[in-house]
Amino acid sequence: MTAVADPALEHLDWPALQERLDEDGVATTPALLSPEQCASVVAMFDEDERFRSTVVMARHAFGEGSYRYFADPLPPLVQTLRERLYPPLSAIANQWAELLGERTFPTRLDELLAECAALGQHRPTPLVLRYGPGGYNCLHQDVYGDLTFPLQFLVMLSRPDEDFTGGESVFVEQRPRQQSRPMVMRPRQGEAVIFPVRSRPKRGSRGYHRVQMRHGVSAVHSGDRHVLGIIFHNAR
């Protein structure tokens with residue numbers, strides 16, 4: 001499989017992405033994958049040998065749809081995304097950690113995964129999600145163990161308004177002593193949305209404090225919606 005093109009990653013405007021993450025908690029990148037690469041990942045969904053587990057969401061009251069966690073070794077395209085995007089995201093995560101007085105994270109993915117392994121978190125977490133008509137995902141957080149890297153991203157594999165309608169990415173910021181703030185994102189095919197796994201820092205009148213965030217997917221009206229999710233910490 002063709003790996004992610006270097007220019008797609010090398011020319012990301014990380015200062016601008018961090019500004020959006022600091023301001024809104026979510027940020028959208030330009031296209032990281034070509035239509036052909038998106039189609040190749042969609043095709044993987046039906047290849048059982050690539051995955052370690054499958055979750056049918058309705059069985060757990062998570063929503064309607066299904067998702068599959070990749071087994072090791074990850075497909076080269078997925079591994080490249082995970083390895084290349086981790087260092088700049090770790091820089092943002094560490095700035096956030098300093099603002100909140102929390103632990104910082106290694107600057108290399110293999111070092112993070114070694115920490116995960118020491119805590120019994122060995123299972124890879126990148127996944128592909130499929131939603132058909134009526135599919136949706138309840139608001140949630142992707143916490144898989146004691147060690148949680150604070151940022152993750154999704155890549156839209158399908159073409160909004162062509163392959164599917166509806167199915168917006170929904171993010172909710174739960175603000176202390178205020179009503180929750182909803183945000184809706186509609187990434188185009190190949191584009192990625194970066195967002196917090198669990199919380200992010202926000203400046204208040206007494207300095208920075210932590211605000212909780214959850215994410216989900218609104219109902220798909222027609223067609224099939226496929227997304228690649230990249231989570232950096234492994235699962236127990």
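The values are calculated or read from the model by the stated rules, or taken from the named source; none is laboratory data. Note that the structure is predicted; figures quoted are calculated from it, not measured. Neighbour counts run over all protein chains shown; Cβ positions are idealised from the backbone, glycine included. These accessible areas exclude ligands, DNA and RNA; they are computed on the full protein's heavy atoms, side chains included. Shrake-Rupley method; radii C 1.70, N 1.55, O 1.52, S 1.80 Å.
What the table below lists for this structure:
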{"read-out": "Listed residues G101, G132, G166, most fluctuating in the chain (Gaussian network, C-alpha, under 10 Å)", "value": "G101"}
{"read-out": "Between segment 175-198 and segment 20-87, the alpha-carbon center distance in angstrom", "value": "17 Å"}
{"read-out": "Cα gyration tensor shape for segment 171-231, rounded if a/c is under 1.5, else prolate or oblate", "value": "prolate"}
{"read-out": "Relative contact order [Cα under 8 Å, 6+ residues apart], the chain, whole percent", "value": "28 percent"}
{"read-out": "Rounded percent of accessible protein surface that carbon and sulfur make up, the chain, 1.4 Å probe", "value": "49 percent"}
{"read-out": "Gyration tensor (alpha-carbon) shape descriptor, segment 1-78, a/c threshold 1.5", "value": "oblate"}
{"read-out": "Helical segments meeting 27 Å axial Cα length and Kyte-Doolittle -1.0 threshold in the chain (DSSP H)", "value": "76-100"}
{"read-out": "Separation of the Q95 and Q179 label points, Cα + 7 Å toward Cβ, nm", "value": "3.2 nm"}
{"read-out": "q = 0.11 Å⁻¹: log10 I(q)/I(0) that the Debye formula gives for segment 53-144, counting C-alpha atoms only", "value": "-0.44"}
{"read-out": "Dipole of segment 135-222, positive end: most advanced residue of M213, G145, P176 [Cβ charges, Cα centre]", "value": "P176"}
{"read-out": "In sequence order, calculated HN-Hα J values of segment 170-186 (Karplus, 6.51, -1.76, 1.60; Hz; x Gly/Pro)", "value": "10, 10, 10, 9, 8, 8, x, 6, 9, 5, 5, 10, x, 9, 10, 10, 10"}
{"read-out": "Rounded accessible area of I194 (nearest 10 Å², 1.4 Å probe)", "value": "10 Å²"}
{"read-out": "Calculated FRET efficiency for the pair H209/D72, C-beta based, R₀ 35 Å, to 0.05", "value": "0.40"}
{"read-out": "Solvent exposure of segment 83-236 as accessible area per residue, Å², 1.4 Å probe", "value": "44 Å²"}
{"read-out": "About the Cα centre, charge dipole magnitude for the chain (Lys/Arg +1, Asp/Glu -1 at Cβ), debye", "value": "1020 debye"}
{"read-out": "Net lengthening on full extension, D48/E19 (0.36 nm per residue, minus Cα-Cα)", "value": "6.5 nm"}
{"read-out": "Rg/Rh ratio calculated on Cα atoms of the chain (Kirkwood radius)", "value": "0.94"}
